[in-house]
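Step one of this worksheet: look at the structure below.
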Amino acid sequence: MLAAFARATGGPDPLANLVVGEQPVPEPQPGWATVRVRAASLNHHDLWTLRGVSSRPVVPPQILGCDAAGTVAAYVGSAPPGAPEVGARVVVHSPVTCGQCAACRGGDEMSCRRPAMLSEPPLPGTFAEYVAVPADNLIPLPVGVDFSVAACLPTAYLTAYHGLFQRARLQPGMTVLVHGAGGGLPSAAILLGVRAGLTVYATSRDESKRQFALDLGATAAYPPERETAREVITATGGMGVDAVIETVGEPTWELSLRAVRPGGTVVVSGATGGINPPAQLNRIFFRNVTVAGSTMGTRGELRRLIDLCARGALNPVIGSRHALADATSAFAEMEHGEVRGKIVLES
Ligand SMILES: [Zn+2]
């Protein structure tokens, strides 16, 4: 089958580690399904893997990609009880949890002691014609939601949703600041926030991306400069925002800590601009700020996102679509940061 995989990691030109070529079709194991992938979307996680940054040591060839939509191709034997039938349209929930630790047994799968996601060893990723996943990770996809739209949901939209409403516990009427307005996860946070009745402020270095944020419904968009904190505080009646969705890291961390209100939450869901800003712990403890990490979300939250799309209440922004065979250009677009919204691979 065709797949996009890392033949090596790290080095001066990470994109040179990417190969689009033949890989064996994965063999399902009992309780798992093989899915014919029809669409998958790129995430910064895939670029980090090529750069040699991953939570587990990568053993090439490693197929990349952590979210997918497609159809069930096969099980070993018959479908497990409750699982979608062969041929059914599905979205794949990416976190593969152990099912045995105290968190898993207590129903808190997101706190699993040994979590992995698709594309992290030993699991192949979704940038392929087929991927094997636990049957429990399959979520039915209604006919009205197309595969490319669905492929945006399991990482970027799910992480944004979990960050806004579970980690920061935002309610209608509250305020949020979203950095890096052009990217997949930030554009998801802006759309989901506006839809839920939040007042959304955004930042981007690029004026056209600030305009993009306004087009998505943000109330105001600023360059990510030190003085922006003062403007955000003024815009929120002198308080600061209830929450910040931080995915940039080093370039925006100080702004996040200055712009959040006392007692507010900075949700960290990425660090595309660097992972080690000065922590400024004084701004955290003295102002009772919560720093909350957030990656992906629960199956239930993913079902709610699919339902929003099916009802026409959410239309994920797709910035570009490529055939799987053209994955190299898709990765180049992501690295250059020019695309607005999600980059989708179709196969
Ligand atoms: Zn577990």
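For the pair Glu225 and Gln280, a Förster radius of 25 Å applied to the C-beta separation gives a FRET efficiency near 0.90, rounded to the nearest 0.05. Net length available on complete extension from Ala332 to Arg311 is 4.2 nm, with 0.36 nm assigned per residue and the Cα-Cα distance removed. Along each principal axis, taking the top coordinate minus the bottom one, the Cα set of segment 191-347 gives 51, 34, 29 Å in descending order. Shape class for segment 151-284: rounded, because the ratio a/c of the largest to smallest gyration tensor axis (alpha-carbon atoms, square roots of eigenvalues) is under 1.5. With a Förster radius of 30 Å applied to the beta-carbon distance between Asp146 and Ser111, the computed FRET efficiency rounds to 0.35. Inter-label distance, Arg169 to Val194: 2.8 nm, where each label sits 7 Å from its Cα along the C-beta direction. The long axis of helix 299-310 is offset from the longest Cα principal axis of the chain by roughly 90 degrees. Compared with the direct C-alpha span, the chain from Ala102 to Asn288 gains 64.0 nm at full extension, assuming 0.36 nm per residue. For the listed peptides 283-296, 185-198, 216-229, a ranking on the average number of other beta carbons within 10 Å per residue, highest first, reads 185-198, 216-229, 283-296.
Computed log10 I(q)/I(0) for the chain at 0.08, 0.09, 0.13, 0.15 Å⁻¹: -0.37, -0.46, -0.97, -1.27, from the Debye equation with unit scatterers placed on every C-alpha and solvent omitted.
With the chain treated as a Gaussian network of Cα nodes joined by springs under 10 Å, which of Pro81, Pro30, Pro134 yields the largest mean-square fluctuation? With Cα springs under 10 Å in the chain, the top fluctuation among Pro81, Pro30, Pro134 is at Pro81. The gain in end-to-end length when the Arg299 to Arg7 segment is fully stretched comes to 102.0 nm, 0.36 nm per residue minus the alpha carbon separation.
Taking a spot 7 Å from the Cα of Leu15 along the direction of its beta carbon, which residues of segment 316-347 have an amide N less than 13 Å from it? Of the residues in segment 316-347, 327-339 have backbone N under 13 Å from the label point off Leu15.
For segment 102-192, chymotrypsin sites (Phe, Trp or Tyr not before Pro) are listed when DSSP marks them as loop and at most 14 other Cβ atoms sit within 10 Å of their Cβ; the list is empty. Over 10 Å intervals from 0, what percent of Cα-Cα pairs in segment 1-43 sits in each interval? Calculated over all Cα pairs of segment 1-43, the distribution is 22, 41, 29, 7, 0 percent.
How many percent of DSSP beta bridges within the chain run antiparallel, rounded to 5?
Working: 32 of 56 bridges.
Among the beta bridges of the chain, antiparallel pairing accounts for roughly 55 percent.
Could you tell me the relative contact order of segment 157-293? Use alpha-carbon pairs under 8 Å, at least six residues apart, and round to a whole percent.
Worked out over segment 157-293, it gives 22 percent.
Laboratory data are not the source of any read-out in this text; all were calculated from the coordinates shown. These numbers were taken from a predicted model, which means no experiment stands behind them. Positions of Cβ are backbone-derived with ideal geometry, glycine not excepted, and every protein chain shown enters the neighbour counts.
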